[in-house]
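Undergrad: What follows is a structure written as structure tokens; I'll ask about it next.
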Amino acid sequence: MGASSGMGYELAKLMLRDGHTLGLAARRLQPLKELQTAYPQQVKISAIDVTAADAPQRIQSLIEELGGIDIYFHSSGIGKQNWMLDATIEEATLRTNALGFTQCIGTVYRYFASRPEGGHIACISSIAGTKGLGVAPSYSATKAFQNCYMQALEQQANMRHLPIRFTDIRPGFVDTALLNDSHHYPMLIQPEKAARQIYKALLRNRHVVVIDWRYRLLVPLWKLLPNAIWRRLRIRTRDGE
Ligand SMILES: NC(=O)c1ccc[n+]([C@@H]2O[C@H](COP(=O)([O-])OP(=O)(O)OC[C@H]3O[C@@H](n4cnc5c(N)ncnc54)[C@H](OP(=O)(O)O)[C@@H]3O)[C@@H](O)[C@H]2O)c1
């Protein structure tokens, strides 16, 4: 889900090259059609808006068309800096990253719970969920929601003895359309590189993975910072570079 650009698109390409059969979804069909043209035997596509009421039905139809799935990968998301707390941005972010995410993950969780072999649920959240970031409040808060939701579902699946695996992927800054706003983002990596690391994490059944190594060092350090210091930090990107 969210295979039309960025990390989702790059991961799809890697998995197709390895011979996997994929159901690709997003609102924009054109990039999905291009992958289908390149790999006609391996790709089914569907136009799905994660915020729409029919998203669960469309996911189920795609699963049926594929004859079942073993892994669901959720890459859909939006995010913007929002100093003025523009309500349009805040609400759209909540609808996509919290409500849309929840209804998609819920649909596949119930699907995997219903079959003996279970499955694997993976999502791209973000390091932005590990602390409240002043530049993008709703983005940061919805990513924290995703981190917590995945953790809660994993505990629930264990309590219910369901064979469902979970991978929560938390990248730092990645050079995709999501950051296309003329700000300068430090320690930026390319989506192809992020996708390679994501793919490896999926194959290894990792529970939580921070990408890349520089953020793996940074995130535990900033999590240790007391709130008295965190709330005074000036974490912002420079404009116009
Ligand atoms: N780029 C970064 O620095 C960064 C860092 C950490 C985490 N992330 C997270 O990584 C994920 C992927 O983002 P990206 O960086 O690869 O950006 P991207 O290129 O903008 O990709 C976002 C994907 O989400 C899909 N999407 C957005 N709204 C949707 C909706 N309502 N319904 C269905 N699909 C929707 C888009 O497809 P359509 O527009 O075609 O629907 C697109 O395929 C996001 O969750 C993002 O928060 C990004």
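Read the figures in this text as sums done on the coordinates, not as results from a lab. Just so it is clear, the model here is predicted, and its values are computed rather than measured. Positions of Cβ are generated from backbone atoms using ideal geometry, with glycine treated the same way; all protein chains shown enter the neighbour counts.
Undergrad: Just need a number here: residues in segment 106-126 that are out of contact with any Lys or Arg (no Cβ under 8 Å at 6 or more places or on another chain) and in a loop (DSSP other than H, G, I, E, B).
TA: Selection size over segment 106-126: 4.
Undergrad: Considering only segment 172-228, how many residues are polar (S, T, N, Q), assigned to a loop (DSSP other than H, G, I, E, B) and loosely packed, with under 15 Cβ neighbours inside 10 Å? Working first, answer last.
TA: Keep residues of segment 172-228 that are polar (S, T, N, Q), which gives 176, 180, 182, 190, 197, 205, 227.
From what's left, assigned to a loop (DSSP other than H, G, I, E, B): 176, 180, 182, 190, 205.
Then keep just the ones that are loosely packed, with under 15 Cβ neighbours inside 10 Å; that gives 180, 182, 190, 205.
Going through segment 172-228 one residue at a time, the tally reaches 4.
Undergrad: Under 6 Å between Cβ atoms, which residue pairs at least 6 apart in sequence (or on different chains) link something in segment 88-111 that is surrounded by fewer than 19 Cβ atoms within 10 Å (Cβ to Cβ) with a partner that is aliphatic (A, V, I, L, M) and part of a helix (DSSP H, G or I)?
TA: Pairs found: Gln103/Ala55; Thr107/Ile59.
Undergrad: Let me ask you something else. Give all pairs with beta carbons closer than 9 Å in which a residue from segment 38-51 that is touching a residue at least 60 places away in the same chain (Cβ under 8 Å) meets a residue that is not in a helix (DSSP H, G or I); count only pairs at least 6 apart in sequence or on separate chains.
TA: none
Undergrad: Okay, moving on. If the requirement is being away from the ligand (no atom under 14 Å from the Cβ) and buried (at least 21 other Cβ atoms within 10 Å of the Cβ), which of these qualifies: Ile121, Ile169, Ile127?
TA: Details: Ile169 fails: away from the ligand (no atom under 14 Å from the Cβ); Ile127 fails: away from the ligand (no atom under 14 Å from the Cβ).
Testing whether each residue is away from the ligand (no atom under 14 Å from the Cβ) and buried (at least 21 other Cβ atoms within 10 Å of the Cβ) leaves just Ile121.
Undergrad: So which residues in segment 1-50 are within 7 Å of the ligand (Cβ to nearest atom) and among the β-branched types (Val, Ile, Thr), if there are any at all?
TA: The answer is Ile48, Val50.
This table checks each residue for (1) closer than 24 Å to Tyr9 by Cβ; (2) within 18 Å of the chain's Cα centre (by Cα).
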| site | (1), (2) |
| --- | --- |
| Gly100 | yes, yes |
| Cys123 | yes, yes |
| Thr130 | no, yes |
| Gln156 | no, no |
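Undergrad: For segment 1-22, what are the residues that are without any contact (Cβ under 8 Å) to a residue 60 or more places away in the chain, surrounded by fewer than 22 Cβ atoms within 10 Å (Cβ to Cβ) and touching a helix residue (DSSP H, G or I) at 6+ places or on another chain (Cβ under 8 Å)? Break it down into steps so the answer makes sense when it comes.
TA: From segment 1-22, those without any contact (Cβ under 8 Å) to a residue 60 or more places away in the chain are 4, 12, 16-22; that's our starting set.
Imposing the further condition that a residue be surrounded by fewer than 22 Cβ atoms within 10 Å (Cβ to Cβ) reduces the set to 16-21.
Result: Leu16, Thr21.
Undergrad: Looking at segment 31-51, which of its residues are charged (D, E, K, R) and not in a helix (DSSP H, G or I)? Steps first, please.
TA: Going through segment 31-51, the residues charged (D, E, K, R) turn out to be 33-34, 44, 49.
If the condition is that a residue be charged (D, E, K, R) and not in a helix (DSSP H, G or I), then Lys44, Asp49 are the ones that fit.
Undergrad: Of the numbered conditions (1) assigned to a loop (DSSP other than H, G, I, E, B); (2) buried (at least 19 other Cβ atoms within 10 Å of the Cβ); (3) free of Cβ contacts under 8 Å to residues at least 40 places away in the same chain, Arg28 satisfies every one except a single condition; which is it?
TA: (2)
Undergrad: Could you grab me the full set of residues in segment 61-83 that are part of a loop (DSSP other than H, G, I, E, B) and under 24 Å from Thr21 (Cβ atoms)?
TA: Residues of segment 61-83 that are part of a loop (DSSP other than H, G, I, E, B), as a first pass: 67-70, 75-83.
Hits for segment 61-83 are Gly67, Gly68, Ile69, Asp70, Ser75, Ser76.
Undergrad: Does segment 148-171 hold any residues that are free of Cβ contacts under 8 Å to residues at least 24 places away in the same chain and part of a helix (DSSP H, G or I), and which are they? Explain how you work it out, then say what you get.
TA: Taking segment 148-171 and keeping what is free of Cβ contacts under 8 Å to residues at least 24 places away in the same chain, we get 148, 151-152, 155-156, 158-159, 161.
Correct list: Cys148, Gln151, Ala152, Gln155, Gln156, Asn158, Met159.
Undergrad: Inside segment 178-194, can you point out the residues that are more than 9 Å from the ligand (Cβ to nearest atom) and aliphatic (A, V, I, L, M)? Step through it out loud before you land on a result.
TA: Initial filter on segment 178-194 (more than 9 Å from the ligand (Cβ to nearest atom)): 181-184, 186-187, 190, 192-193.
Result: Met187, single match.
Undergrad: If I go through segment 93-118 residue by residue, how many of them are in contact with a His (Cβ under 9 Å, 6 or more places away or on another chain) and away from the ligand (no atom under 12 Å from the Cβ)?
TA: Of the residues in segment 93-118, 3 are in contact with a His (Cβ under 9 Å, 6 or more places away or on another chain) and away from the ligand (no atom under 12 Å from the Cβ).
Undergrad: For segment 51-80: of the residues being among the charged types (D, E, K, R) and under 28 Å from Pro116 (Cβ atoms), which is nearest to the ligand (Cβ to nearest atom)?
TA: Initially, segment 51-80 is screened for residues among the charged types (D, E, K, R), giving 54, 58, 64-65, 70, 80.
Filter once more, keeping what is under 28 Å from Pro116 (Cβ atoms): 58, 64-65, 70.
Numbers: Arg58: 10, Glu64: 19, Glu65: 18, Asp70: 21 Å.
Checked segment 51-80; the qualifying residue nearest to the ligand (Cβ to nearest atom) is Arg58.
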